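Novice: Starting off with a structure, shown below.
The values are calculated or read from the model by the stated rules, or taken from the named source; none is laboratory data. Please read all numbers here as calculations on a predicted model, not as lab measurements. Reconstructed Cβ throughout: ideal geometry from the backbone, glycine too, with neighbour counts over all protein chains shown. Ligands, DNA and RNA are stripped out before the accessible areas are found, and what is left, the full protein with its side chains, is counted by its heavy atoms. Shrake-Rupley method; radii C 1.70, N 1.55, O 1.52, S 1.80 Å.
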Amino acid sequence: RVICALGGYAAKQLLKTDDPVGRLRGKWHFYHGIPVRVTYHPAYLLRCSGEKERQEKQKVWEDVKAVQRLLNGEETVRA
């Protein structure tokens, strides 16, 4: 029902784009009619530290909550 692409490789393969994750995340995309939410890969988060770590984890959390809202029927998206 929804795809959560973790990291640049997954996003680029699914969406056929060279855009960086930072430009792709935070909005809905589509793969064969299936909603796709792009977010940072967990390995990237492990490499971050300090304030940047907190900021990037917050962005991932917002993406995960958007996926959950879609699955719960609280949010709708159209291709």
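Novice: Test each condition in (1) without any contact (Cβ under 8 Å) to a residue 40 or more places away in the chain; (2) open to solvent by less than 80 Å² (accessible area, probe 1.4 Å); (3) assigned to a loop (DSSP other than H, G, I, E, B) for residue 77 and report the one that comes out false.
Specialist: (1)
Novice: Output the number of residues of segment 25-47 satisfying the condition of being within 9 Å of the chain's Cα centre (by Cα) and outside any loop (DSSP other than H, G, I, E, B).
Specialist: 5
Novice: Now, a different point. Only one residue in 62, 51 is within 24 Å of residue 79 (Cβ to Cβ), part of a helix (DSSP H, G or I) and out of contact with any Lys or Arg (no Cβ under 8 Å at 6 or more places or on another chain), so which one is that?
Specialist: On the way: 51 fails: within 24 Å of residue 79 (Cβ to Cβ).
Answer to the check: 62.
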